[in-house]
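The values are calculated or read from the model by the stated rules, or taken from the named source; none is laboratory data. Fair warning: this is a prediction, and the values are worked out from it, not measured in the lab. Note: ideal-geometry Cβ built from the backbone for every residue, glycine included; neighbour counts use all protein chains shown. Ligands, DNA and RNA are stripped out before the accessible areas are found, and what is left, the full protein with its side chains, is counted by its heavy atoms. Shrake-Rupley method; radii C 1.70, N 1.55, O 1.52, S 1.80 Å.
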Amino acid sequence: DDANISSYPCFGTPTDMGESIIDTGFDVVLSATNHTWDKGKTGWKDTLNYWRQHPEITLLGIHDSAEDFNSIDIIEENGISFAMFNYTYGLNGFVLPEDKHYAVDLLDYKEKFIEDIKCIEDDVDFTVCFLHIGNEYVYEPTEYQVSYISDIVDAGADVVVCAHPHVVEPYRYITTELGNSAHVFYSCGNFISNQNEVPRVLGGMAEINFTKSSQDGIELDKDISSTNFIPIVTHYNSSEHTVYLLEDYTDELAKTHSLASKGLSTSKLWELWY
């Protein structure tokens, strides 16, 4: 219902955005965020109904039944299998109805989350966890974030990709006290946004290359062969709104950005990145 389209603080997104996500080439969509319940049951149902029309897209983080809530999403690509999870720290003060506890994957369901990771580890090649976690506009992960991620890595997570702070936080290859390791992107910032401060138009894309080798049907090795954290910038002014790789972003473009008056420049963006 177009009457439900709205911006901050309670968001209602037009279905055109879904079409754009598909056309851009995304195969997986994350729906567990602090804004998932902004429109209550209506928004939740509308989101589920929309993505049901696109079974080629894997939807993570929200569920239409307890049965779906208790299932684990597995994707296979090029002979490599992935278990994928998407959890959020909360719902901006909204509380799920008791009879809809399964609607959104919440980090408060930690015991279930960890058990799901453990139980699927031997059935897939890699486990990737997408967390909506951290403090807004802070450049380092919180103690809670570091501790929580450490626990899911000990459970079997191989890659953890985080969002919510709206600014970039570090990428690290971590090893827990128990000796388990994983690649962690503590915050990718904003991919595209309309936020109006310079650090918030700087984002990062997590690039992870997975490899698996076998011979005569026997698995020989599987590994994360390489990772990269690629800086991007949301560029906007009165006539355009798009995303550039920071390495392709020029001084001339920066001068036309709506935030040029707030000190946005290529050198400032690179300084923030490093």
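Filter the range 55-70 down to the residues that are open to solvent by 50 Å² or more (accessible area, probe 1.4 Å) and either in a strand (DSSP E or B) or not charged (D, E, K, R) (or both), then identify the one that is farthest from residue 27 (Cα to Cα). Per the criteria, the residue is 70. Here residue 115 meets the list (1) of a type outside the set (Phe, Trp, Tyr); (2) open to solvent by 20 Å² or more (accessible area, probe 1.4 Å); (3) assigned to a loop (DSSP other than H, G, I, E, B) almost entirely, failing just condition (3). If the condition is being among the hydroxyl-bearing types (Ser, Thr, Tyr), outside any helix (DSSP H, G or I) and either touching a helix residue (DSSP H, G or I) at 6+ places or on another chain (Cβ under 6 Å) or open to solvent by 30 Å² or more (accessible area, probe 1.4 Å) (or both), then the range 32-46 contributes only 33. Contact map, the range 20-44: residues that are within 12 Å of residue 61 (Cβ to Cβ) and free of Cβ contacts under 8 Å to residues at least 40 places away in the same chain paired with residues that are part of a loop (DSSP other than H, G, I, E, B) and open to solvent by less than 40 Å² (accessible area, probe 1.4 Å), Cβ distance under 6 Å, separation 6+ or inter-chain. Pairs shown: 29/57.
Please find, among 49, 78, the residue that is open to solvent by 30 Å² or more (accessible area, probe 1.4 Å), more than 18 Å from the chain's Cα centre (by Cα), polar (S, T, N, Q) and modelled with pLDDT under 95. Of the residues listed, the single one that is open to solvent by 30 Å² or more (accessible area, probe 1.4 Å), more than 18 Å from the chain's Cα centre (by Cα), polar (S, T, N, Q) and modelled with pLDDT under 95 is 78.
Of all residues in the range 225-237, one or more are modelled with pLDDT of 95 or more, surrounded by 11 or more Cβ atoms within 10 Å (Cβ to Cβ) and part of a loop (DSSP other than H, G, I, E, B). Of all the numbered requirements in (1) over 17 Å from residue 132 (Cα atoms); (2) open to solvent by 70 Å² or more (accessible area, probe 1.4 Å), residue 11 misses one, and that requirement is (1). Can you tell me which residues in the range 173-191 are surrounded by fewer than 16 Cβ atoms within 10 Å (Cβ to Cβ) and either under 25 Å from residue 92 (Cα atoms) or of a type in the set (Lys, Arg) (or both)? Hit for the range 173-191 is 191, nothing else.
Residues checked against (1) within 21 Å of the chain's Cα centre (by Cα); (2) loosely packed, with under 13 Cβ neighbours inside 10 Å; (3) within 25 Å of residue 182 (Cα to Cα):
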position	(1), (2), (3)
202	yes, no, yes
212	no, no, yes
220	no, yes, yes
240	no, yes, no
257	no, no, no
274	no, yes, yes
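Within the range 40-62, the set of residues being closer than 17 Å to residue 21 by Cα and hydroxyl-bearing (Ser, Thr, Tyr) comprises 47, 50, 58. In the range 212-221, is there at least one residue being touching a Phe, Trp or Tyr at 6+ places or on another chain (Cβ under 8 Å) and either in contact (Cβ under 8 Å) with a residue 24 or more places away in the chain or within 26 Å of residue 147 (Cβ to Cβ) (or both)? No, every residue in the range 212-221 fails to be touching a Phe, Trp or Tyr at 6+ places or on another chain (Cβ under 8 Å) and either in contact (Cβ under 8 Å) with a residue 24 or more places away in the chain or within 26 Å of residue 147 (Cβ to Cβ) (or both).
Whenever a residue of the range 104-117 is within 16 Å of residue 153 (Cβ to Cβ), its partners that are open to solvent by 30 Å² or more (accessible area, probe 1.4 Å), lying with C-beta atoms within less than 7 angstrom and at least six residues away or across chains, give the pairs 107/89; 114/151; 116/72.
Candidates in the range 184-199 are the residues that are among the hydroxyl-bearing types (Ser, Thr, Tyr) and under 15 Å from residue 135 (Cβ atoms); of these, the one that is nearest to the chain's Cα centre (by Cα) is 187.
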